[in-house]
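This report refers to the structure that appears directly beneath it.
The values are calculated or read from the model by the stated rules, or taken from the named source; none is laboratory data. Everything numeric here is computed off the predicted structure, so don't read it as measured data. Positions of Cβ are backbone-derived with ideal geometry, glycine not excepted, and every protein chain shown enters the neighbour counts.
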Amino acid sequence: MYNFLFSLFIIVSVFSCKSEVEKSKSITSETKKESVIQLLSNPTQSKSSLPRLFSNGNEIYMSWVEKQDTLTVLKFANYSNGKWSNSEEITSGNDWFVNWADFPALAVNNGNILTNILQKSADGTYTYDVKLNLFSKEKKEWKTNFLLNLDGKQSEHGFVSMLPSGEDSFFVTWLDGRTLVDMPKGKEQMTLRGAIITKDGEITQDVLLDDRTCECCNTAAAMTENGPIVVYRNRSEEEIRDIGIVRFENGTWTAPQIVIEDNWHIPGCPVNGPAIDASGSSVAMAWFTAANDNAKVQIAFSEDNGVSFGLPVRIDNGNAIGRVDLVMLDEKTAVVSWMEPSGLDTVIKAVKVFSDGRQEKSLIISKTRSERSSGFPQMEVLGDKIYFAWTSLEEKEPTIKFVSVLKENL
């Protein structure tokens, strides 16, 4: 009897210990996963939203929109060595068009800072202009609210992307609706334009890049060894809305081309544009498509400055929402972020993808909300970390969250 009880005690102890070990492993694994995401303080207040990130390799700049009663304020700050500068107001107004998908862009070049807002030009819902704001390092002052689109039309202008260009200027591209007001109903066409903004705020080389595009999907741009390239959602006569590309080569712009033929037929704009980045002659592009009712996020790589792209690689886990961002870590590695459902939740995810098609296990950056007001999560690289910012709707008022992840943990 004694031997039986002793044996029973040993068996129960072993299984109990095993259970505790497995439980401990699970807790350790969860703690390790949570510790990968480092929540960082940031200089924004409540009623803040629409963050935009830009990294110059030495520091990260962030702009955002803040509501103060009926006033809308555009602010910015920069982050380096683990610390934020004091936030600064760039401009404010009570006549802005504030949109969850079409929010201020941001770029920095040799200390000069460029951003934009959308200002109403008439009483119509979609009548607004792009107003630029430029900080001159040399003059140490802002030139605010000067007009980008010089057409004088009371129509839609927005979805701006901007990049450093040359020593101290900027390349800017945007969707321009100047022809919408002149076309018969049902024949309206949004266009894509590009221009150079000098350090003094002069607008030069204003050019039409595509005369027929999707109406309200964000644009994206990258600087290659040959010059800037722009990706955007095209719109064919048959309402196929795949991702188009134009490239600046040998002093001129190429004709528009489709990057990958998803053949997504959709009669209205999905408000879900692409993301792109370049490293040397390599380019990576991520985008959302729902062709054949299969909602997914894909990435494709180019080794020739965007002239051609390899086969697309799907990265989501099914039924993706999209709202992508992308950064390249080197010429063969990119990180993509996007939103997708996870059970009853909506999450922001990120994954490291290689140019040969391999990908690491994706990482959940945060829970979020699928509402439009949660916006488009942003991502940038600084040193050995990747930083993420997004609009959080978990509190009474919208707030901005800012986190970091070591590159090696993705």
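When the range 33-87 is examined, which residues are found to be among the acidic types (Asp, Glu), touching a strand residue (DSSP E or B) at 6+ places or on another chain (Cβ under 6 Å) and without any contact (Cβ under 8 Å) to a residue 40 or more places away in the chain?
Answer for the range 33-87, where residues must be among the acidic types (Asp, Glu), touching a strand residue (DSSP E or B) at 6+ places or on another chain (Cβ under 6 Å) and without any contact (Cβ under 8 Å) to a residue 40 or more places away in the chain: just GLU66.
Per-residue answers, yes or no, for (1) surrounded by 19 or more Cβ atoms within 10 Å (Cβ to Cβ); (2) within 20 Å of ASP242 (Cα to Cα):
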site	(1), (2)
LEU150	no, no
VAL172	yes, no
ASP176	yes, yes
LYS199	yes, no
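Can you name every residue in the range 319-376 that is aromatic (Phe, Trp, Tyr) and part of a strand (DSSP E or B)?
Hits for the range 319-376 are TRP338, PHE354.
Here is a check on your reading of the model: is THR125 part of a loop (DSSP other than H, G, I, E, B), of a type in the set (Val, Ile, Thr) and on the phi < 0 side of the Ramachandran plot?
So THR125 passes the test.
Which condition breaks for ASP206 when tested against (1) in a loop (DSSP other than H, G, I, E, B); (2) surrounded by fewer than 19 Cβ atoms within 10 Å (Cβ to Cβ)?
Among (1) in a loop (DSSP other than H, G, I, E, B); (2) surrounded by fewer than 19 Cβ atoms within 10 Å (Cβ to Cβ), the lone unmet condition for ASP206 is (1).
Just one of the numbered conditions (1) part of a strand (DSSP E or B); (2) in contact (Cβ under 8 Å) with a residue 40 or more places away in the chain; (3) loosely packed, with under 14 Cβ neighbours inside 10 Å is not true of PHE388; which one?
(3)
Among PHE170, PHE159, which is in a strand (DSSP E or B), in contact with a Leu (Cβ under 6 Å, 6 or more places away or on another chain) and over 30 Å from ALA290 (Cβ atoms)?
PHE170
Within the range 52-84, restricting attention to residues that are outside any strand (DSSP E or B) and of a type outside the set (Asp, Glu), which residue is modelled with the lowest pLDDT?
Result: THR70.
Please enumerate the residues belonging to the range 227-236 that are of a type outside the set (S, T, N, Q) and assigned to a loop (DSSP other than H, G, I, E, B).
GLY227, ARG235 - these are the residues of the range 227-236 that are of a type outside the set (S, T, N, Q) and assigned to a loop (DSSP other than H, G, I, E, B).
Under 6 Å between Cβ atoms, which residue pairs at least 6 apart in sequence (or on different chains) link something in the range 265-294 that is of a type in the set (Ser, Thr, Tyr) with a partner that is at pLDDT 95 or above and buried (at least 17 other Cβ atoms within 10 Å of the Cβ)?
Between residues of the range 265-294 that are of a type in the set (Ser, Thr, Tyr) and residues that are at pLDDT 95 or above and buried (at least 17 other Cβ atoms within 10 Å of the Cβ), the close pairs are SER279/MET328; SER281/ASN305; THR289/ASP262; THR289/TRP264.
Among the residues of the range 291-327, write down those that are among the aliphatic types (A, V, I, L, M), closer than 27 Å to LEU344 by Cβ and out of contact with any Asp or Glu (no Cβ under 9 Å at 6 or more places or on another chain).
Of everything in the range 291-327, those that are among the aliphatic types (A, V, I, L, M), closer than 27 Å to LEU344 by Cβ and out of contact with any Asp or Glu (no Cβ under 9 Å at 6 or more places or on another chain) turn out to be ILE315, VAL324.
Got at least one residue in the range 213-223 being at positive phi and modelled with pLDDT of 95 or more?
No, that holds for no residue.
Go through the residues of the range 316-339 one by one and say whether even a single one is at pLDDT below 95, within 27 Å of THR72 (Cα to Cα) and either basic (Lys, Arg) or buried (at least 18 other Cβ atoms within 10 Å of the Cβ) (or both).
No, the range 316-339 contains no residue that is at pLDDT below 95, within 27 Å of THR72 (Cα to Cα) and either basic (Lys, Arg) or buried (at least 18 other Cβ atoms within 10 Å of the Cβ) (or both).
Output yes when any residue across the range 224-233 is over 24 Å from TRP100 (Cβ atoms), surrounded by 23 or more Cβ atoms within 10 Å (Cβ to Cβ) and under 17 Å from the mean Cα position of the chain (by Cα), and no when none is.
Within the range 224-233, one or more residues are over 24 Å from TRP100 (Cβ atoms), surrounded by 23 or more Cβ atoms within 10 Å (Cβ to Cβ) and under 17 Å from the mean Cα position of the chain (by Cα).
Matching residues to (1) surrounded by fewer than 15 Cβ atoms within 10 Å (Cβ to Cβ); (2) free of Cβ contacts under 8 Å to residues at least 60 places away in the same chain; (3) outside any strand (DSSP E or B):
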{"residue": "PRO104", "(1), (2), (3)": "no, yes, yes"}
{"residue": "LEU114", "(1), (2), (3)": "no, no, no"}
{"residue": "LEU118", "(1), (2), (3)": "no, yes, no"}
{"residue": "LEU132", "(1), (2), (3)": "no, no, no"}
{"residue": "ASN145", "(1), (2), (3)": "no, yes, no"}
{"residue": "SER155", "(1), (2), (3)": "no, yes, yes"}
{"residue": "LEU163", "(1), (2), (3)": "no, no, no"}
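Considering only residues that are over 29 Å from GLU188 (Cβ atoms) and either small (Gly, Ala, Ser) or out of contact with any Ser or Thr (no Cβ under 9 Å at 6 or more places or on another chain) (or both), which ones fall in the range 156-172?
PRO164, SER165, GLY166, GLU167, SER169
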